[in-house]
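This report refers to the structure that appears directly beneath it.
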Amino acid sequence: MSTLAHTMMTAARSADSGLVGPGELDRYPYAEVPATDRVGTPSWEGADPELGRVGRRAAGSRGRGLHGQLVQQLGQMIVSGDLGADRPLVPEEIGQRFEVSRTVVRESLRVLEAKGLVSARPNVGTRVRPVSDWNLLDPDIIEWRAFGPQRDDQRRELSELRWTIEPLAARLAAGHGREDVQQRLCDMVEIMSHAMAQGDALTFSRADAEFHSLLIQIAGNRMLEHLSGIVSAALQVSGGPVAGCERPNEASLAQHARIVDALGTGDGTAAESAMRQLLTIHPEVERVVPAPREH
């Protein structure tokens, strides 16, 4: 079995059980593929014959069936580097290998093209595009990078982006107080507190993600609101201390409560300060996110 075929097999099998959780990142099935195997035409032949049937058994990426599953598998392979830049992708070969129809292949490649991962041109065909062309703010690409060989870079970049976005959003949100939103944020803090007491990390993380997404959405800035999905993706794939508040603990819960209190009194400075504290609760973050420069 070729290296590429083995990688395809492991990538497909990983989808059968879904994404790994925090602490399992090193077990995510991305094989280290030699550079010599990353050029030329993909060798679909020799891959595990169960590969297509594994795709059929899986529920599909984000509930989108065969189409979503193929997007997930090809996207992972491209982002991990197993299908390098300028690599040709022949729809007929993909369809045969994954045992899916031409329609499924065509629609999947269109999704990947919209994400900037591939390009289709007349007389040239479909080819993998270089990283510089990818939509790096796309939640799927964030996910694929965060669980692949580029995970360290992805987490660092997400931390830096959140450090820029969220303190500003907290300050702006303090000037757009709404009772219903304020109550919802209070509810999220209460849910997080209860989940932490019960040792329920999943419920804690879901309430945490909604808290941060809602905060950005009420900042009153449409461009910031557009980035709320990125923050949600960052929280979902963090898996380590660099995100600052994905681990249930008293310190992070206290900072969430401080933010809610500051929003309630319309104190933008206090809300911004509390968010910065929240994003730097773990010492590791301070080595990832630089402190503001003194002018």
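Can you tell me which of (1) within 14 Å of Met275 (Cβ to Cβ); (2) open to solvent by less than 40 Å² (accessible area, probe 1.4 Å); (3) of a type in the set (A, V, I, L, M, F, W, C); (4) modelled with pLDDT of 90 or more is the one Ala195 doesn't meet?
(1)
When you scan the range 134-148, do you find a residue that is open to solvent by 50 Å² or more (accessible area, probe 1.4 Å), more than 23 Å from Arg206 (Cα to Cα) and of a type outside the set (Lys, Arg), even just one?
As a first pass, look at the range 134-148 and keep what is open to solvent by 50 Å² or more (accessible area, probe 1.4 Å): 135-137, 139.
Remaining after also requiring more than 23 Å from Arg206 (Cα to Cα): 135-136.
Then drop every residue that is not of a type outside the set (Lys, Arg), which leaves 135-136.
Among the residues of the range 134-148, at least one is open to solvent by 50 Å² or more (accessible area, probe 1.4 Å), more than 23 Å from Arg206 (Cα to Cα) and of a type outside the set (Lys, Arg), which makes the answer yes.
Of the residues in the range 80-92, how many are farther than 24 Å from Gln150 by Cα and open to solvent by 60 Å² or more (accessible area, probe 1.4 Å)?
1
Can you pull out every residue in the range 205-227 that is within 16 Å of Ala274 (Cβ to Cβ) and either of a type in the set (Lys, Arg) or part of a helix (DSSP H, G or I) (or both)?
At the first step, the residues of the range 205-227 found to be within 16 Å of Ala274 (Cβ to Cβ) are 208, 211-212, 214-216, 218-219.
Asp208, Phe211, His212, Leu214, Leu215, Ile216, listed by residue number.
Within the range 172-196, which residues are touching a residue at least 24 places away in the same chain (Cβ under 8 Å), of a type in the set (A, V, I, L, M) and assigned to a helix (DSSP H, G or I)?
Leu172, Ala173, Val181, Leu185, Met188, Val189, Met192, Ala195, Met196
Which of the numbered conditions does Arg155 fail, given that it passes all the others? Conditions: (1) over 30 Å from Gly268 (Cβ atoms); (2) crowded, with 20+ Cβ neighbours inside 10 Å; (3) basic (Lys, Arg).
The single condition Arg155 does not satisfy is (1).
Give the number of residues within the range 227-248 that are modelled with pLDDT of 50 or more and either open to solvent by 20 Å² or more (accessible area, probe 1.4 Å) or not polar (S, T, N, Q) (or both).
Taking the range 227-248 first, the residues modelled with pLDDT of 50 or more are 227-238, 245-248.
From what's left, either open to solvent by 20 Å² or more (accessible area, probe 1.4 Å) or not polar (S, T, N, Q) (or both): 227, 229-237, 245-248.
The number of residues fulfilling the criteria is 14.
Being surrounded by 15 or more Cβ atoms within 10 Å (Cβ to Cβ) and β-branched (Val, Ile, Thr) is the filter here, so list the residues in the range 121-130 that pass it.
Result: Thr126, Val128.
Given the range 57-171, what helices (runs of 4 or more DSSP H) lie entirely inside it while holding 3 or more residues that are at pLDDT below 90 and not polar (S, T, N, Q)?
Fully inside the range 57-171 and qualifying: 65-80, 139-146.
The values are calculated or read from the model by the stated rules, or taken from the named source; none is laboratory data. From a predicted model like this one, the values you see are computed outputs, not experimental measurements. Because the Cβ atoms are built from the backbone with ideal geometry, glycine has one as well, and the counts that use them run over all protein chains shown. Quick note on the areas: whole protein, heavy atoms, side chains included, nothing else; ligands and nucleic acids left out. Shrake-Rupley method; radii C 1.70, N 1.55, O 1.52, S 1.80 Å.
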